[in-house]
Amino acid sequence: IPLFVVLAFAYMGSYSLSEIRRVDPNAVVIKVKAIQWAWTFEYPEYGIFSTELHLPVDQQVVLKMESTDVIHSFWVPEFRIKQDVVPGRVTEYRITPTLVGSYKVRCAELCGTSHFSMENPVIVDEPAVYAAWIAGQQAIAAANQTPEGQGQLLSVKNGCVGCHSVDGSPLTGPTWFGLFGSDVELADGTTAAADEAFITESILDPNAKIVAGYPSPSLMPAYTLTETEIANIIAYLKTLK
C-alpha cells in the first residue's frame, strides 16, 4: 500500500511538472528585469515596456528573467510556482493563466532593505482586452518620442521608479515630484540646488552627495548612461511638479 501511494503521487507530480514545462511554440515572450527593488517588463514583439505585467488568459507565456544586481525570486502566489532570478543568467518561467483577474508579483528572496516593497501588478486579461492594452501602450510609446517621454521610458527600463516615486509618496529614495529646482538638504547639514549638475552627479556617483534621511553609503547603484540619456531624464524630472 505505501508503495502504491508513493507511485500514485510520483505520477501526479511528474504529470504536473511536464505540463508546466510543456513548450508551446506560440507562447508569448516577455522579458522580465529584476532590480533592487522593482520589476520591469518588456514585450519585445511590440517594442513596449511596462511596470505592470499583462498576460492573455488561456495562452502560454514564457518569462525570460534577468537580475541586474542580487538574487531575486519571481512569485505570484496564485500561480503556485516561483523561480529564482539570478545575476548573469536568464531563467525561464512558463505559465498558462486560466483565470482573469488582478494579482501581484512579489520577490520571495530576501534582497535588501526594501525587499518588502518589491511588488508589481499582474493582470490576466481576456484576449480582446489584452490586445487593446498592447495597442494603447504602443500608442503611448509612439507619442513619447520627446526628451521627456524618453526620460520617462528610461526611468521604467532602469527600475528608477522602484525607489523614487513621481507623486511625492515615500519610497526607498527621495521622491522625484517637485525635485528639480528645489533646495535639497544633505546628510552633512548643507543644502544643494537640484539642478542639472546635481542630478547628473547623483546618477553617475550616488555617494557624492547623500540626501538627509537616507542611508549612507547610498543604496542606489551607479548608472552608466550617455549624456543624451541623462538629459532626457532631467527633462522628465522637470515635468514632475
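Overview of values
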item	result
The range 14-96 - share of DSSP beta bridges that are antiparallel (%, nearest 5)	70
³J(HN,Hα), Karplus 6.51/-1.76/1.60, whole Hz, each residue of the range 111-120, x for Gly, Pro	10, x, 3, 9, 3, 5, 9, 7, 9, 9
Rough spin-label spacing in nm, given labels placed 7 Å along Cα→Cβ, for Leu225 and Glu119	2.9
Pairwise FRET efficiency - Thr68 versus Asn207, Cβ, R0 = 22 Å, nearest 0.05	0.75
Label selected from (1) 8, 35, 39, 15, 3; (2) 7, 31, 31, 18, 9, 3, 0; (3) 7, 27, 31, 20, 9, 4, 2, 0, the criterion being P(r) over Cα pairs in 10 Å bins from 0, in percent as computed here	(3)
Globularity ratio of the range 155-237, using Cα Rg and 2.2 N^0.38 Å	1.00
Equivalent-ellipsoid semi-axes of the range 59-186, from the Cα gyration tensor, Å, largest first	28, 22, 14
Mean separation of Cα contacts under 8 Å (6+ apart) over length of the chain, as relative contact order %	16
For the range 82-228, with +1 on Lys and Arg beta carbons and -1 on Asp and Glu, the positive-most of Ile134, Pro97, His164 along the dipole	Pro97
Efficiency of FRET from Cβ geometry, Asp58 and Asp167, R₀ 45 Å, rounded to 0.05	0.80
Set of the range 191-214 residues, backbone N closer than 13 Å to the point 7 Å along the Cα-Cβ line of Asp183	191-194
Gained length - Val5 relative to Val90, 0.36 nm times residue gap less alpha-carbon distance	26.9 nm
The range 85-141, relative contact order [Cα under 8 Å, separation at least 6], %	31
Overall Cα dimensions of the range 1-119 - principal axes, largest extent first, Å	51, 34, 29
Residue-averaged 222 nm ellipticity for the chain, from DSSP H runs of 4+ at -39500 (n - 2.57), nearest 500	-9000 deg cm²/dmol
Between the range 115-149 and the range 150-180, the alpha-carbon center distance in angstrom	17
Between helix 2-21 and the chain: long-axis angle, C-alpha atoms, 0 to 90°, nearest 10	50
The range 94-205, relative contact order in percent, only Cα pairs under 8 angstrom and at least six apart counted	12
Modelled FRET efficiency - R0 25 Å, Ala27 with Asn144, Cβ distances, 0.05 increments	0.35
Cβ crowding within 10 Å averaged over residues, with 50-58, 32-40, 128-136 ranked highest first	32-40, 50-58, 128-136
Values of log10 I(q)/I(0), in the order q = 0.14, 0.19, 0.24 Å⁻¹, for the range 55-126 under a Debye, Cα-only, solvent-free model	-0.44, -0.78, -1.13
Net +/- balance of residues flanking Ile140 in space, Cβ distance below 15 Å, scoring K and R +1, D and E -1	-2
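Bear in mind these aren't lab numbers, they're just calculated from the coordinates by the rules spelled out. All figures in this text were calculated on a predicted structure; none of them were measured in a lab. When we count neighbours, we look across all protein chains shown, and the Cβ atoms used for this are built from the backbone with ideal geometry, even at glycine.
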